[in-house]
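Derivation of every value follows stated rules applied to the coordinates shown; laboratory data play no part. All of these numbers come straight from a predicted model, not from anything done at the bench.
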Amino acid sequence: MYDDEEMEAIRQKKLAELQQQAAVQESQEEQRASLEAQKQSVLRQILTEEALQRLANIKLVRPELAEAVELRLIQLAQQGSLSDKLTDAQLKDILRKIQGQKRETKIDIRRL
């Protein structure tokens, strides 16, 4: 069996590994939070209040759609395609276009 010194060395090694994993995870979460803050800042600059609210509502119901729209809007802003803030109506048009691309075929089976 192990003596006390070997057991302590194993414990210390395991503790160090766990601390390192925790530090890496914390760093990744900070990085994600920073990117999300930057994204929200850009969106506040390019969307009206109504459009921001609509996007927030969509994010609650369909997060993958909201993410696609956010990325598309940020791309448009970076390309300089947006001259003014996008209104709610303009956001609806963009949503329709993106939803149209990702719409799944639905098959209804009716039994007689």
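Considering only 77, 56, 22, the mean-square fluctuation computed in a Gaussian network model of the chain, springs between alpha carbons under 10 angstrom, is largest for 22. The value for the stretch 56-112 of Rg(Cα) / (2.2 N^0.38 Å) is 1.48.
Size estimate for the chain follows the Kirkwood approach: the inverse of mean 1/r over distinct Cα pairs works out to 18.1 Å. Cross-link reach is defined here as a Cα-Cα straight distance under 25 Å, omitting same-chain residues fewer than 8 places apart; for residue 85 the lysines meeting it are 39, 59, 97. Between 21, 12, 31, the Gaussian network model of the chain with springs among Cα atoms under 10 angstrom shows the greatest mean-square fluctuation at 12. Relative to the longest principal axis of the Cα atoms of the chain, the long axis of helix 49-61 makes an angle of roughly 60 degrees.
Between amide H atoms placed 1.01 Å from N, distances below 5 Å from residue 47 occur with 86, all of them 5 or more places distant or on a separate chain. Tell me the angle of helix 88-102 to the major Cα principal axis of the chain, expressed in degrees between 0 and 90 and rounded to the nearest ten. Helix 88-102 and the main axis of the chain meet at about 70 degrees. Build a GNM of the chain with springs between Cα atoms under 10 Å apart, and of 11, 96, 54 the one that fluctuates most is 11.
Over the residues of the stretch 1-55, compute the C-alpha Rg and express it relative to 2.2 N^0.38 Å. Working shown, then result.
Values: Rg = 22.4 Å, N = 55, 2.2 N^0.38 = 10.1 Å.
In units of the globular-protein estimate, the stretch 1-55 measures up at 2.22.
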